[in-house]
């Protein structure tokens with residue numbers, strides 16, 4: 001595996017820490033900026049919005065740029081946005097930096113995926129994508145709790161400065177290790193657009209959004225469930241969240257090993273695992289021991305599908321190596337937005353925190369449905385038209 005792929009994974013870790021850490025900074029942010037916690041929570045939505053829009057827009061805008069140039073440009077803007085965020089006292093300026101930061105982070109994801117795939121042979125695509133996406137897993141395991149600790153001891157601005165410094169270091173790695181291609185032959189945008197007219201590709205996007213939503217609806221409220229339903233003390237909640245992260249790391253490593261050889265089986269096992277784990281979590285939410293074990297399994301099954309979800313689009317749209325992964329990044333963030341929103345509706349309706357796991361199971365079943373639907377489309381035989389008889393040719397008689 002080229003070292004450049006690991007550099008891309010570390011770059012995703014640096015930027016993904018910003019995406020993950022905000023949930024641990026809301027109390028400090030709301031106090032310092034004089035806004036309510038729900039209003040501070042909108043900063044998370046702002047990031048998701050920037051991700052959904054940024055991936056396809058920037059993929060097209062940078063289509064003719066060398067990949068290294070585009071990656072460095074995205075990182076530079078990301079660093080600048082976090083410096084402004086660390087210096088501002090205005091909520092709406094901070095809101096704007098979250099949108100801009102997520103916008104270029106999504107662009108980085110798209111180009112990084114294309115770059116990683118171009119650096120490895122076809123039978124190693126899933127493994128390469130597991131390394132790139134593994135950066136976000138490490139951000140969940142390390143970045144989220146580290147950002148919370150930094151915020152508690154040095155203030156939320158220090159967490160933003162830390163992300164800016166890590167992202168600047170990532171720029172050095174990209175400059176040193178990503179090949180300086182000249183993009184002599186500009187990609188054909190019309191060919192890229194034509195490659196998107198593929199029902200299987202859009203079913204794959206649907207699977208991505210639904211499977212991520214089925215995981216995130218539980219993860220988004222896992223801390224509250226552990227506190228309010230399971231009854232854990234505050235000191236144990238970060239430990240259990242770390243168990244989720246360890247499960248995610250194990251899942252993405254194993255998923256990277258099977259993504260190239262058994263992609264559909266990996267999707268079925270991973271999504272079905274999330275469904276089963278969610279059901280058991282809903283049924284045992286008041287009991288500590290099973291909840292801890294199920295938290296690990298939720299991370300493992302949920303992240304185990306990521307390498308396949310990221311790499312399959314390149315096989316489904318071989319002539320769209322830029323746009324196809326860009327829309328897949330958007331699909332991930334649709335799921336990231338959809339899951340917590342559905343969970344919030346259930347909790348706001350008085351159904352309790354355990355209800356989010358039931359929602360995760362239902363959404364996961366829908367994701368299994370899209371995988372099956374795509375397989376039916378794949379196996380459907382092409383219809384061969386029967387030629388009409390030519391009246392000029394006499395019919396043979398026996």
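Tabulated values for the structure
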| quantity | calculated |
| --- | --- |
| Filtered residues of the stretch 149-161 (kept if in a helix (DSSP H, G or I) and either closer than 15 Å to residue 31 by Cα or at pLDDT 80 or above (or both)) | 150, 151, 152, 153, 154, 156, 157, 158, 159, 160, 161 |
| Test: residue in the stretch 5-12 that is closer than 12 Å to residue 105 by Cβ and buried (at least 20 other Cβ atoms within 10 Å of the Cβ) | yes |
| Filter pass, residue 79 being assigned to a helix (DSSP H, G or I), over 18 Å from residue 216 (Cα atoms) and either touching a residue at least 12 places away in the same chain (Cβ under 8 Å) or in contact with a helix residue (DSSP H, G or I) (Cβ under 7 Å, 6 or more places away or on another chain) (or both) | yes |
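Residues are listed down the side, and each one gets a yes or a no for (1) surrounded by fewer than 16 Cβ atoms within 10 Å (Cβ to Cβ); (2) at negative phi; (3) at pLDDT 95 or above:
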| site | (1), (2), (3) |
| --- | --- |
| 237 | no, yes, no |
| 241 | no, yes, no |
| 261 | yes, yes, no |
| 266 | no, yes, no |
| 272 | no, yes, yes |
| 279 | no, yes, yes |
| 282 | no, yes, no |
| 291 | no, yes, no |
| 295 | no, yes, no |
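The values are calculated or read from the model by the stated rules, or taken from the named source; none is laboratory data. Bear in mind the structure is a predicted one, so any value in this text is a computation, not a measurement. Cβ: placed from backbone, ideal geometry, glycine included. Neighbour counts: every protein chain shown.
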